[in-house]
Structures are given as C-alpha cells and as structure tokens.
Amino acid sequence: MNLPSKVKLVDVGPRDGLQNEKAPVPAAVKIELVQRLQDAGLTEIEVTSFVSPKWVPQMADAAEVMAGIQRKPGVRYSVLTPNMKGLEAAMAPARELWPDEIVVFGAASEAFSQRNINCSIAESIERFAPVVQAARAAGIYVRGAMSCAVGCPYEGEIAPARVDYLAGLMKGIGVQHIGMADTIGVGTPLKVQRAMEATLRHYDINDVSGHFHDTYGQALANTLVCLQMGVWQFDTSSAGLGGCPYAKGATGNVATEDVVYLLHGMGIETGIDLEKLIDAGKFISDFLARKPNSRAATALLNKRAN
C-alpha cells in the first residue's frame, strides 16, 4: 500500500463549519476557535469568507476576524473569495492582515452551478480567472475547490469526466492546488477513487486534497481510499461542523478528530495533539449548545468523564 508517512489537514471549521449557523457567532468566538486549533497543531486553517453579508450573514465579520487572530509562524490562514470584490476586501487592510491563501470554487455539476451561483461551470471559471491572476500577482497562494465531484442534489451521480473537465479549467486559470469535494456526502470509495483519478490527470499528487462530508457515514472510508492512492492532504472540520446550504440534508464535513484518530492509529504523522483538538471542538460545540459531531471526540470525552 502506497500510504503517506505524513498527512496535512486543513481545518475548515471556522469558515465552512460555521457559515450555515443561523444564530450569529461572535467574532471573538471565531478568533478563539482559530487560536485553539493552531495551539492543537493545525498548520492550515480556513478562517473565514469574504462574501456578501446579504448571502452569508455569518461571515459579515470577516475583516474583524482576520484582524483579531494571533498569527503563528508556520501556520497558513486561508479565506474564501468568490469574486474580485471579495479578494479586494481581503487585501484592503495592511499586508500583515492579508490571508496567505485564497480559495475559489467551482462545481462539477452544471445544475449545482446554476442554482448556487447562477451561471454555467465555464462562466464561473471565467469569473475566477482575474481573481486568481490578481491573488498570484500579489503573492497569495490559490487553492481551488471542486464541489459536487461525486454526486449532486439536482443531477444525481456525477461522471468522472465532469471532474476531469473542471480540474482542467481550474488548472487553465492558474489555480495552484485543487480540492476534490464530495459536497453532499454520497460518495463511496470506488466512486471517490475515480473522481480523484480524474483530478490527478491535471494536478500532481502533491497539489490535490480530499474534502468529504459524512452524510452517509462514508467519509473515513473515502479518506482511506485516497490515502491508499498517495493523497496526503485533506479538508476536515473540528467537531464535524458544517453542511451545505444548497444541498438539503447534507450533514457536516468529516470531523477533524475522527480523521486524526484514524491517521494516528495507522502510524501516520499529523503534528496534531488529539486531546487539544478535542478541547477546541468541545469549545465551539459548547458555544453552539450541542455535542461534538465526532465519534472519536465523543468516545474520548466519555472516557475523561469516567
């Protein structure tokens, strides 16, 4: 088995995890979550999203959060910038407050693209081209996310050829790293493997990551099949926070705690302290008045209580 010896996790909890919460989460709580994640050893954190507050009210405090985090050397802070306006807002303050990385996204499903951002896949990529160009010219790294790479709430199963097409378009506009996302969590290992193979036709193994939702309990199995392909970067979310506002019934991203437990159990290094990570997940879950959506966290917290 071609397993990597080390894996890098991008915790998307502060952004992807919190963006759909109905009740406002104060900037101070988001900043504290980022602080706790980096203290636990996370070196990649997706902090916030520079989007219209009209569409995503939870992210209206993006500038405040970016200004409030205490940056740690060796940690990369990323933000979602869906358009030029978002990038300009992210780059408006002093350089030391800029993100290290921006994220742009496209869907492998035409129907999802139309419902989500009111344009075709090709049009969405055209819109991102100047954003990517401007970010790279400013020395900001560009990551791309391919949503609905395995299944779509409107179209059903997505053929690997659609993933191949989107990955090629992303590469064409200069996106440096690509994440293959099972946005609604319908993927199973062989389907995910085929979608990842399509992605790898355009990107090197060091420039791809997996982003899995656990709707049907398949996220860890899907992570494992990608590990066996040599993929060593994954998006995860502390306490399993998150979902997708445009995908009815899609539960959260795979919990960072569960992936760390899996990796450490396989002897794969992450640089993450699982106990501190569980505390970070418990902190945000307590604030949201719910239990962490992580099996490993639940088991280890129960053990602590006994």
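The values are calculated or read from the model by the stated rules, or taken from the named source; none is laboratory data. None of these values were measured; they are calculated from a predicted model. When we count neighbours, we look across all protein chains shown, and the Cβ atoms used for this are built from the backbone with ideal geometry, even at glycine.
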Checklist outcome for this item: Note on the range 13-27: residues in a helix (DSSP H, G or I) and either of a type in the set (D, E) or at pLDDT 95 or above (or both) are G13, P14, R15, D16, A27
Checklist entry - Just a yes or no: is a residue in the range 55-70 surrounded by fewer than 17 Cβ atoms within 10 Å (Cβ to Cβ), of a type in the set (A, V, I, L, M, F, W, C) and farther than 30 Å from A280 by Cα? => result no
Checklist entry - Considering the range 124-138 alone, what residues qualify as being under 18 Å from Y165 (Cβ atoms) and either surrounded by fewer than 14 Cβ atoms within 10 Å (Cβ to Cβ) or touching a helix residue (DSSP H, G or I) at 6+ places or on another chain (Cβ under 7 Å) (or both)? => result S124, I125, E126
Next on the checklist: I need a count of the residues in the range 116-126 that are out of contact with any strand residue (DSSP E or B) (no Cβ under 9 Å at 6 or more places or on another chain) and either in a helix (DSSP H, G or I) or hydrophobic (A, V, I, L, M, F, W, C) (or both).
Outcome noted: 4
Next on the checklist: Only one of V103, V131 is of a type in the set (V, I, T), touching a residue at least 40 places away in the same chain (Cβ under 8 Å), in contact with a Leu (Cβ under 9 Å, 6 or more places away or on another chain) and part of a helix (DSSP H, G or I). Can you tell me which?
Outcome noted: V131
Next on the checklist: For a quick check of your reading of the model, give me the residue pairs whose first member lies in the range 208-221 and is at negative phi and among the acidic types (D, E), whose second is at pLDDT below 95 and surrounded by fewer than 22 Cβ atoms within 10 Å (Cβ to Cβ), with beta-carbon atoms closer than 8 Å and at least 6 apart or on different chains.
Outcome noted: D214/T251
Checklist entry - So which residues in the range 156-197 are assigned to a helix (DSSP H, G or I), more than 20 Å from V103 (Cβ to Cβ) and touching a strand residue (DSSP E or B) at 6+ places or on another chain (Cβ under 8 Å), if there are any at all? => result K191, V192
Item to check | Only listed residue being surrounded by 20 or more Cβ atoms within 10 Å (Cβ to Cβ) and assigned to a loop (DSSP other than H, G, I, E, B), chosen from V259, V231 | outcome: V231
Next on the checklist: Take the residues in the range 98-115 that are farther than 16 Å from A161 by Cα and out of contact with any strand residue (DSSP E or B) (no Cβ under 8 Å at 6 or more places or on another chain); name whichever of them is surrounded by the most Cβ atoms within 10 Å (Cβ to Cβ).
Outcome noted: W98
Next on the checklist: If the requirement is being assigned to a helix (DSSP H, G or I), among the charged types (D, E, K, R) and crowded, with 18+ Cβ neighbours inside 10 Å, which of these qualifies: K30, K85?
Outcome noted: K30
